[in-house]
Amino acid sequence: MSIDETEILIIGAGPTGLTLANLLGQAGVNVIIVERNSSTVQEPRAVSIDDESMRTMQAIGLDAEILKIVARGYGSRYLGPNGKCFASVEPVSREYGFDKRNAFQQPELEDILRKGLKRFANVETRFGCNMQSFAQDDTGVTAKVVSTQHGEQSIKAQYMVACDGGRSPTRIELDILLDGSTFSEQWLIVDIFNTKNHFRHTEVFCNPKLPCISLPGPEGIRRYEFMIQNGQSEQEAEQEDNVRQLLSQVGEDKDAELRRVKVYTFHGRVAVKWKQGRIFLAGDAAHLTPPFAGQGMNSGLRDVHNLAWKLALTLCSNDSGKIKNLLDSYQQERSPHAWNMIEIALTMGRVMMPTSKLQAALVRAAFRIMSIYPPARDYIAQMRYKPKPLFKVGYQQADGRSVKQTMVGRLFYQPEIEDMHRNRMLLDRIIGNQPCLLVFSEMPEQVVDAKTRKIFEAKNILIIGITPEWVNPIEGDFPIYRDVSGELSHKNFMSYQEHTFLLRPDHYVAAIEPNANIISLENMADRLV
């Protein structure tokens, strides 16, 4: 039996695995990705990609291609049993550089991600390749695979990442338990072509008699999700007559061409361990999220954006302590936020699924009261209820501020910036996927002297300056830009003026120091290279 060697073996070529392969490929890591199916998925599954995930697509250089296939920036309308709207969600802020909600078709997304791998000679994809077994020791992981093209083979990798879905064979073989619960309610998912419903936002029918969600998609597709009631079996629910009868109650798509009809049971579960030895879990293999917040796939993309740079750095380090801290931080950082997304999905589910007329009326009344008070209204309308990424512990250095106030451990904003020649771009276009020292000051050119610049540049740390919206940038010894969008210039951020941020390759804030203490960031910078 032949043995192929690589640095990272990825099991599963869904959005999570394909994105990880693109991130690692870009970092120059040798990768083999195996997928038991003969191609990427052909049926609709995930339908919403958020601003954080679009930023990850930007990180792998595919955001322009992805934006061509999405319906950008849609919101939600919450409808009572009488069909009248009692709450709206219409987010317009773009603190991470993209719209907060975007509709897409998973087959198109996966096709772009798969084609993106052709850019990297160091990444090999094997479809129609099923992992039969695996074993690990102190030096790596060996997997036995069977493929239609190559027959039986062994693959030896330094690390393996299982992106093999909610029923992950890898997780089961490792005997890793899922914490959380499975819901008794089942949902009927109906995808259609050529909808007659041209409303571009999600409609949430908060009706105790028939809870339903109607989600828009690009090119005339639409998804309906109905909660199954009255003890129907899966087979009964999926009958075409039943499907069309349900569609007739929520709009004009009764006679639409059916694309897919499937019953799902939803889960809110998280793996108790995300790493065992040299094997990692990511995506649905690590957590299962109810769909009500549209965060299942997006949580998986957060996983791999967090993990990829850590694996790449591990492969070029001989410091065992550094490697352990890096790899242990994956679960420390990602698991709490995965739980947060499950909790917000459950909360949204309770709004969508009132159990009685009284509960439905109380929900509507609460939203009407909030609509009178602008901060509460904006909290809902601008999706501020969505938990922002925050690491309370992990690969970072605290700055002494409270968890509520600090930017350490948070995803840094992505403002539109402008250079002195009036060229405009998003921040990540400049910083890419490398550690970055970002000096926020009215005069950043005066903060970094030649000695300090030499110290950080020797570590391959990019240095840039950002001025507030009201200060034009000037030429300096390092690039300086103006915060055009004002994301860094509003009053909530002003306490960080005249501070320097050390950003990780995934754009999270690793450490912050006042500009006068910029050299104090050197030790944390050493941990990023």
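The values are calculated or read from the model by the stated rules, or taken from the named source; none is laboratory data. Bear in mind the structure is a predicted one, so any value in this text is a computation, not a measurement. Cβ coordinates were reconstructed from backbone atoms using ideal geometry, including for glycine residues, and neighbour counts include every protein chain displayed.
Numbers for the structure displayed
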| quantity | calculated |
| --- | --- |
| Residues satisfying the stated conditions in the stretch 100-112, i.e. surrounded by fewer than 24 Cβ atoms within 10 Å (Cβ to Cβ) and assigned to a helix (DSSP H, G or I) | Gln106, Pro107, Glu108, Glu110, Asp111, Ile112 |
| Extreme residue, nearest to Pro15 (Cα to Cα), among residues of the stretch 131-150 that are touching a Ser or Thr at 6+ places or on another chain (Cβ under 9 Å) and of a type outside the set (S, T, N, Q) | Met131 |
| Per-region count, the stretch 115-137, residues under 14 Å from Ala27 (Cα atoms) and part of a strand (DSSP E or B) | 1 |
| Those residues of the stretch 248-295 which are surrounded by 20 or more Cβ atoms within 10 Å (Cβ to Cβ), small (Gly, Ala, Ser), in the same structural domain as Leu311 (by TED's automatic domain parsing) and assigned to a loop (DSSP other than H, G, I, E, B), in sequence order | Ala282, Ala286, Gly294 |
| Conditions (1) in contact (Cβ under 8 Å) with a residue 60 or more places away in the chain; (2) over 27 Å from Gly180 (Cα atoms); (3) outside the structural domain of Ile10 (by TED's automatic domain parsing); number of the one not met by Gln245 | (1) |
| Residues that are among the hydrophobic types (A, V, I, L, M, F, W, C) and either surrounded by fewer than 19 Cβ atoms within 10 Å (Cβ to Cβ) or more than 16 Å from the chain's Cα centre (by Cα) (or both), drawn from the stretch 58-68 | Ala64, Leu67 |
| Given (1) surrounded by fewer than 20 Cβ atoms within 10 Å (Cβ to Cβ); (2) part of a strand (DSSP E or B), number of the condition Val161 does not satisfy | (1) |
| When residues of the stretch 400-412 are limited to those that are buried (at least 18 other Cβ atoms within 10 Å of the Cβ) and out of contact with any Gly (no Cβ under 7 Å at 6 or more places or on another chain), the one nearest to Glu475 (Cα to Cα) | Phe412 |
| Qualifying residue in the stretch 439-458 (condition: in contact (Cβ under 8 Å) with a residue 24 or more places away in the chain, within 26 Å of Phe391 (Cβ to Cβ), within 28 Å of the chain's Cα centre (by Cα) and surrounded by fewer than 22 Cβ atoms within 10 Å (Cβ to Cβ)) | no |
| The stretch 214-247 - residue that is of a type in the set (Val, Ile, Thr) and part of a loop (DSSP other than H, G, I, E, B) and, of those, farthest from the chain's Cα centre (by Cα) | Ile228 |
| Some residue of the stretch 307-324 being in the same structural domain as Val29 (by TED's automatic domain parsing), touching a Pro at 6+ places or on another chain (Cβ under 7 Å) and in contact (Cβ under 8 Å) with a residue 40 or more places away in the chain | yes |
| Subset tally (residues that are more than 20 Å from Ala345 (Cβ to Cβ) and of a type in the set (A, V, I, L, M, F, W, C)) for the stretch 168-183 | 4 |
| Residue in the stretch 382-403 that is at pLDDT 80 or above, touching a helix residue (DSSP H, G or I) at 6+ places or on another chain (Cβ under 7 Å) and in a helix (DSSP H, G or I) present | no |
| Subset of the stretch 69-96 [touching a Ser or Thr at 6+ places or on another chain (Cβ under 9 Å) and either surrounded by 18 or more Cβ atoms within 10 Å (Cβ to Cβ) or not hydroxyl-bearing (Ser, Thr, Tyr) (or both)] | Tyr74, Gly75, Ser76, Arg77, Tyr78, Phe86, Ala87, Val89, Glu90, Arg94, Glu95 |
| Condition check for Val509: in the same structural domain as Ile430 (by TED's automatic domain parsing) and out of contact with any Gly (no Cβ under 9 Å at 6 or more places or on another chain) | no |
| Any chance Gly97 is at negative phi and not charged (D, E, K, R) | no |
